[in-house]
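Just below is one structure, and these are the notes that go with it.
The values are calculated or read from the model by the stated rules, or taken from the named source; none is laboratory data. All of these numbers come straight from a predicted model, not from anything done at the bench. Positions of Cβ are backbone-derived with ideal geometry, glycine not excepted, and every protein chain shown enters the neighbour counts.
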Amino acid sequence: MDKLMVVLGKIILVVTSTVKIIVGKVSAAILAIARLAVRNKMKLRWIAVAIILIFATAEIVFGISIYTAGANDPVTKYVAKIVPFPAVVSTSGIVTIAEFNHTKDYITHFYSETDQADYEESALNEQIVDQLIEARVIKNEANKRKIVVSKEEVDLAMNQIAETNGGEGEISKALEELYGLSVGEFRKLVSNQLLRDKINKELISRVSVRHILVRVVEDATDAQVEETKQKITGYRNEIINGLDFSEAAKKYSEDVGSNEDGGKLEAFSRSEMVAEFEDVAFSAKTGEISEPFKTSFGWHFMEVLEKRGEIDMSFEDFLAQLRARAVTVQLYRP
């Protein structure tokens, strides 16, 4: 109920803001014509009433055409840029129709420039709405946790993009030709992506481990599986009795991706490893050498080197949880 009241409150806020914009336009127009009326001795009251009716009728017509018919012609899109008609209202924030149109414009521009005309428009519309809602969810969570992306961080990312893509001039040209975007608009997209990455890095639990693997062939007999287990148990006992883990990994591990680095793997979060490996990594204590365990690759044991982060789930699951908690009402369906 509380979440629903928040959503209703935001809808009221949007309506109030829209009314303020309309009133501002009407007031400015009345003032301008009032001056003309004084000079020409016209009846101000009737002029004011006429202007109010014209503006109010126009806004109502555009509102009806947008929400009931999904109108998306150039004039309606222009009005939507001026008046913040909401496309989606939720407890995480408001997505305007102008934002939806802008996102769809640069995506379809790219499709057109790269000869990709076989997309399903309804699926694209749904994807854009999901993307914009997710951006609001991320921004809302970042605000709650006081996570921000600084101007310097965006500058650094923009400079790196420019350096690897032929310079600022080439970036500007490619953005305009492929997406119809300015550098300033692209900068906002980069800032949003950096915020997403920062929440992922700072909040999601990650584990750093080193491990030793002895492979088991796909069609191994039970006796071969047991023999491999005994072999890796022996390697573990050597480490328990004083052999350096890194030296043991270089000597015994059959994981060619990590053995030369002493068995070390890059830090990983939930859903990035096979389930058996993940379960041991997240349940073992830091500094603890696990018992041997089997995965589809063979027999392993590991040492947990470091754990960090507070959200013990994958980033995708975390976002899904945040979205499920938010009350969302989609008002605009093009």
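Some values worked out for this structure:
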quantity: For A117: the one exception among (1) modelled with pLDDT of 95 or more; (2) exposed (fewer than 11 other Cβ atoms within 10 Å of the Cβ); (3) hydrophobic (A, V, I, L, M, F, W, C); calculated: (1)
quantity: Check on E247, surrounded by fewer than 16 Cβ atoms within 10 Å (Cβ to Cβ), over 29 Å from the mean Cα position of the chain (by Cα) and modelled with pLDDT under 95; calculated: no
quantity: Every pair of residues 6+ apart whose Cβ atoms lie under 7 Å, when the first sits in segment 90-104 and is closer than 20 Å to L322 by Cβ and in a strand (DSSP E or B) while the second is of a type in the set (A, V, I, L, M) and modelled with pLDDT of 90 or more; calculated: S90/I133; V95/L132; V95/I133
quantity: Residues satisfying the stated conditions in segment 97-123, i.e. of a type in the set (A, V, I, L, M, F, W, C) and closer than 23 Å to P84 by Cβ; calculated: I97, A98, F100, I107
quantity: Yes/no for R323 being assigned to a helix (DSSP H, G or I) and at pLDDT below 95; calculated: yes
quantity: Search result, residues across segment 243-257 that are part of a loop (DSSP other than H, G, I, E, B) and touching a helix residue (DSSP H, G or I) at 6+ places or on another chain (Cβ under 7 Å); calculated: S253
quantity: Selection status of V214, at pLDDT 95 or above and closer than 25 Å to I311 by Cβ; calculated: no
quantity: Test result for T228, within 18 Å of F293 (Cβ to Cβ) and surrounded by 17 or more Cβ atoms within 10 Å (Cβ to Cβ); calculated: yes
quantity: Odd one out for A117 among (1) in a loop (DSSP other than H, G, I, E, B); (2) in contact with a strand residue (DSSP E or B) (Cβ under 7 Å, 6 or more places away or on another chain); calculated: (2)
quantity: Members of segment 157-177 that are acidic (D, E) and either over 18 Å from S112 (Cβ atoms) or touching a helix residue (DSSP H, G or I) at 6+ places or on another chain (Cβ under 8 Å) (or both); calculated: E163, E168, E170, E177
quantity: Residue among V129, V183, V154 that alone is in contact with a Leu (Cβ under 9 Å, 6 or more places away or on another chain) and in contact (Cβ under 8 Å) with a residue 40 or more places away in the chain; calculated: V154
quantity: Selection status of V280, assigned by TED's automatic domain parsing to the domain that holds I212 and part of a helix (DSSP H, G or I); calculated: yes
quantity: Selection from segment 269-281 of residues that are in contact (Cβ under 8 Å) with a residue 12 or more places away in the chain, buried (at least 18 other Cβ atoms within 10 Å of the Cβ) and of a type outside the set (K, R); calculated: S269, F277, V280, A281
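Conditions tested, residue by residue: (1) loosely packed, with under 12 Cβ neighbours inside 10 Å; (2) touching a helix residue (DSSP H, G or I) at 6+ places or on another chain (Cβ under 8 Å); (3) not assigned by TED's automatic domain parsing to the domain that holds I289.
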position	(1), (2), (3)
K151	yes, no, yes
Y179	no, yes, yes
L189	no, no, yes
N192	no, yes, yes
K198	no, yes, yes
V217	yes, yes, no
T221	yes, no, no
